C-alpha cells in the first residue's frame, strides 16, 4: 500500500487513484473484485493515516490523499528504525525471561570488547 501511495503523481491523489495503482501491482490477483480492492485500500489508508509517523494525510476539503514521505532519503528511514529498535531493546528483557520487566544491563547488551570490535 505504501508503494502505491508513494507512486501518486506529485504525491497527491484520490482513493480511486490509489486503487488504480494497487490494481496495477503485480501482487494483486486478477480475480479480485473492485469492491474488495476498494475496501482494502480504504482500511489501509486509514491505518497509514493514524500511525505515529504517518506517511499519508487526508485533505477532506479537496478529498485528496497526500504522501508525506516524498522527500525522505533511505537514511532517514534507517535512523527512525534504529531509534525505535534501540528503545524497544531497552524496554525488553534480554535474558530470555519474558515474565521479567526489569531493565537490561548495559553489559548484557554490549559485552566488553564486542561493541568496540564491530565498529
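The values are calculated or read from the model by the stated rules, or taken from the named source; none is laboratory data. Quick caveat, the model's predicted, so the values are computed rather than measured. FYI the Cβ positions are ideal-geometry reconstructions off the backbone, even for glycines, and counts take in every protein chain you see.
Here are a few things to note about the model shown:
- The stretch 64-90 - residue that is modelled with pLDDT of 90 or more and in contact with a helix residue (DSSP H, G or I) (Cβ under 8 Å, 6 or more places away or on another chain) and, of those, nearest to residue 14 (Cα to Cα): 65
- Looking only at residues of the stretch 46-63 that are within 15 Å of residue 2 (Cβ to Cβ) and assigned to a loop (DSSP other than H, G, I, E, B), we find that the one that is farthest from the chain's Cα centre (by Cα) is 50.
- The residue that is modelled with the highest pLDDT, among those in the stretch 47-57 that are surrounded by fewer than 16 Cβ atoms within 10 Å (Cβ to Cβ) and in contact with a strand residue (DSSP E or B) (Cβ under 9 Å, 6 or more places away or on another chain), is 57.
- Some residue of the stretch 21-31 being surrounded by 17 or more Cβ atoms within 10 Å (Cβ to Cβ), at pLDDT 90 or above and more than 13 Å from residue 69 (Cβ to Cβ): yes
- Of all residues in the stretch 1-14, exactly one satisfies the criterion of being over 19 Å from the mean Cα position of the chain (by Cα) and surrounded by 14 or more Cβ atoms within 10 Å (Cβ to Cβ), namely 13.
- Residues that are in contact with a strand residue (DSSP E or B) (Cβ under 8 Å, 6 or more places away or on another chain) and assigned to a helix (DSSP H, G or I) are absent from the stretch 26-38 altogether.
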